[in-house]
Amino acid sequence: MRHLIDILELTTGEIEELINVAEDIIGNPKSYSEKCRGKKLATLFFEPSTRTRLSFEAAMYELGGNVLGFSEAKNSSAAKGECISDTARTVSCYADIIAMRHPVEGAPYVASLKSDIPIINAGDGGHNHPTQTLTDLLTIHREKGTFENLTIGLCGDLKYGRTVHSLILAMSRYKNVKFVLISPDELTIPSYVKDVLESKNIEHKYIKDLEDAMGELDVLYMTRVQRERFKTEEEYERLKNCYILTVDKLKNAKDDLSIMHPLPRVNEISHEIDDDKRACYFKQMLYGKYIRMALILKLLEAKENGEVIKEKDVKTVKNVYKCKNRRCITNNEEGIENIFKLVDEKTDLYRCIYCEARAKKDQ
């Protein structure tokens, strides 16, 4: 079964194909209005969402299909203790494709192992958000016309910001892309993302002052500090206002800078900037509907054609290590094996297959 759990499951060629389909939908929406007649999308949202859930629903309706599902965990059998794989198996009986958001990292992957229909990861904790990345890629492509030779600034919560992680991994495959990572030390990118940048010798730097980088950026990707991921309210309060983009801070920015944000916005972008021609974040939300339409079509077609993805030949070990990430599915649901994959033979580095946490040597 073909699913989308991680953005790297799509080749650059497939991303180009999805963008081309999305562009065609934008230009010829009526020709797609019956493509999913008789098909049902299940939206399983165990965590609050406005844009992602509604854009998936709008995408399916505009393809001529139907939608069922729930928008809160308390409205599902998860409130009674049902495991995620049982939920996936159950919903597979009623729908043709699933979009799932879950606060626990690795949950959509576990669901995909038991599901009889395609599963789309609509965000798992602070880990991945591949369809937001597809939205971001479509936005960058429409604004810049290319994915190459760009300097991208990512600002704010880079530790818990799953959209940041997925975007860096996706853009790391294109030529001459540079990253400027703007955050306090406490909110810098996780080690598995750092490893990719370093192993590929991708130019990147860490800074704390947004204005220091402004003049060199082609894209500025702002993020909110994610209150729901912090262990304590005190820690959140200390960091929540660390970056606020104002008109004054844009004085040295390029005229063609593209300002992006996955939303929701709290206060990290001044409302005065909304009318700036460089603000792309509301267009970004609209593009999310079109790229999700393209993705739904691709995965349903793959299912009908019996398309499968060959598993990567990766060495794994079972139950040798225990994941220390408190947000990992292995620490939140019974009966899931601890599986770690080898990601670097030279250093004997293993990472959790569900959440990418490093295996600790003392385990």
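The values are calculated or read from the model by the stated rules, or taken from the named source; none is laboratory data. In this text the structure is predicted, and so the values were computed from the model without any measurement. A quick note on method: Cβ atoms are made from the backbone with ideal geometry, for glycine too, and the neighbour counts reach across all protein chains shown. Surface areas here come from the heavy atoms of the whole protein model, side chains and all, with no ligands, DNA or RNA. Shrake-Rupley method; radii C 1.70, N 1.55, O 1.52, S 1.80 Å.
Some observations on this one:
- Peptides ranked, highest mean first, by Cβ atoms within 10 Å: ranges 49-60, 191-202, 4-15: 49-60, 4-15, 191-202
- Distance (nanometres) between label positions extended 7 Å along Cα→Cβ at Glu16 and Lys144: 1.7 nm
- Set Lys205/Lys251; Lys39/Lys324; Lys39/Lys315; Lys205/Lys283; Lys35/Lys283; Lys30/Lys277 screened for pairs whose C-alpha atoms are more than 31 Å apart: Lys39/Lys324; Lys39/Lys315
- In plain terms, the chain from Leu349 to Tyr206 could stretch by 49.1 nm, reckoned as 0.36 nm per residue minus the Cα-Cα distance.
- Within straight-line cross-link reach of Lys322, lysines at Cα separation under 25 Å, skipping those fewer than 8 residues along the same chain: Lys114, Lys159, Lys194, Lys231, Lys312, Lys341, Lys346, Lys360, Lys361
- Whole-Hz couplings from phi, Karplus 6.51/-1.76/1.60, listed for segment 139-150; x for Gly and Pro: 4, 4, 5, 6, 7, 10, x, 6, 10, 9, 6, 10
- Amide proton proximity set for Lys178, modelled H, under 5 Å, gap of 5+: Leu150, Thr151, Ile152
- The stretch between Glu337 and Asp24 holds 108.4 nm of extra length on full extension. This uses 0.36 nm per residue minus the Cα-Cα distance.
- Partners of Lys40 within straight-line reach, counting lysines whose Cα lies under 17 Å from its Cα and excluding those fewer than 8 residues away in the same chain: Lys289, Lys298, Lys303.
- Cβ-based net charge around Lys114, under 13 Å, with every Lys or Arg adding one and every Asp or Glu removing one: -3
- Per-residue HN-Hα couplings for segment 123-132 [Karplus 6.51, -1.76, 1.60; θ = phi - 60°; Hz; x = Gly/Pro]: x, 10, x, x, 9, 10, 8, x, 6, 5
- Residue-wise HN-Hα couplings along segment 166-179, as the Karplus relation 6.51 cos²θ - 1.76 cosθ + 1.60 with θ = phi - 60° gives them from phi, are 5, 5, 4, 4, 5, 6, 5, 8, 10, 6, 6, 9, 10, 10 Hz; Gly and Pro carry x.
- To put it simply, the accessible area of segment 97-213 at a 1.4 Å probe is 43 percent carbon and sulfur.
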